[in-house]
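Worksheet: the structure to be examined is printed underneath.
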Amino acid sequence: MSRMKSIEPTINADDVAPPPRAAQKILSVARDLFYRQGIRAIGVDEIVKRAGVTKPSLYRSFPSKDELAASYLRQYDLEFWDRFDEAVAAHPGDPRAQIAAFLTRVGKRTQKADYRGCGMTNAAVEYPERSHPARIVSEANKQELRRRLRAMAAAMGAADADTLGDGLLLLIEGAYISGQLFGLGGPAQSVARNADLLIGASLKK
């Protein structure tokens, strides 16, 4: 059976996507600006200027600013779950200790001068429209966190696992916001301790 010979399209140099390094540079700069100043506050002009690239280069990798924002959040999501899974792996079979380990790190991060909370939470606040690409990524992250916390509460033997899991989620979200409001010495530093108290109260018979 003979193979059909493929026809190579004529490629214009201007249509070639930028190399991965350029795309990564754009994403890195956008991530820093989006996290520190907010997605809506930053325009494409500022991003390309900081990244040292042209607008066509940006749009060859990211069709729109909305998609660039979603890409930033997808990367944020991967790193978030890396941190969460690291805490889980450090305490196999002990969900209470896993949550304590994860939240101890959250509490420490809230005490840093450049802390701006959770990028996912911030994006959800910025984009109330549920069909926005950034909102979609943010909601998926929060839904998965809620699912995992409820499952961990069940594994601890909580009589009302869903309520405990939701309570832990509320504490976490409160830490993200209060960390920005109060900074050093604020209530977010004790999120792990408060979570453990909530767990203890929920497990009492």
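The values are calculated or read from the model by the stated rules, or taken from the named source; none is laboratory data. Just so you know, these numbers come straight off a predicted model, no measurement behind them. Heads up, the Cβs are rebuilt from the backbone with ideal geometry, glycines too, and the neighbour counts pull from every protein chain shown. Ligands, DNA and RNA are excluded from the accessible area calculation, which covers all protein heavy atoms including side chains. Shrake-Rupley method; radii C 1.70, N 1.55, O 1.52, S 1.80 Å.
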State which residue is least open to solvent (accessible area, probe 1.4 Å) when the search covers only region 28-67 and only residues that are farther than 16 Å from residue 116 by Cβ and among the polar types (S, T, N, Q).
-> 57
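Answer with yes or no whether residue 168 is in contact (Cβ under 8 Å) with a residue 24 or more places away in the chain and touching a Gly at 6+ places or on another chain (Cβ under 6 Å). Working first, answer last.
Values: in contact (Cβ under 8 Å) with a residue 24 or more places away in the chain: yes; touching a Gly at 6+ places or on another chain (Cβ under 6 Å): no.
For residue 168, the condition - in contact (Cβ under 8 Å) with a residue 24 or more places away in the chain and touching a Gly at 6+ places or on another chain (Cβ under 6 Å) - is not met.
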Checklist (1) part of a helix (DSSP H, G or I); (2) in contact with a Phe, Trp or Tyr (Cβ under 9 Å, 6 or more places away or on another chain) applied to residue 116, failing item | (1)
Contacts under 8 angstrom Cβ, first residue in region 89-101 being closer than 14 Å to residue 164 by Cβ, partner open to solvent by 70 Å² or more (accessible area, probe 1.4 Å) and part of a helix (DSSP H, G or I), 6 or more apart = 95/155
Identify, by number, the condition in (1) part of a loop (DSSP other than H, G, I, E, B); (2) touching a residue at least 60 places away in the same chain (Cβ under 8 Å) that residue 179 doesn't meet.
-> (1)
The condition from (1) in a helix (DSSP H, G or I); (2) open to solvent by less than 10 Å² (accessible area, probe 1.4 Å) that residue 189 misses is numbered (2)
Which one is surrounded by the most Cβ atoms within 10 Å (Cβ to Cβ) among residues in region 126-167 that are part of a helix (DSSP H, G or I) and of a type in the set (Lys, Arg)?
-> 135
Within region 174-182, is even one residue in contact with a Lys or Arg (Cβ under 7 Å, 6 or more places away or on another chain) and surrounded by 15 or more Cβ atoms within 10 Å (Cβ to Cβ)?
-> yes
Any residue in region 111-122 that's within 13 Å of residue 189 (Cα to Cα): show its pairings with residues that are assigned to a loop (DSSP other than H, G, I, E, B) at Cβ separation under 6 Å, as long as the two are six or more apart or on different chains.
-> 111/184
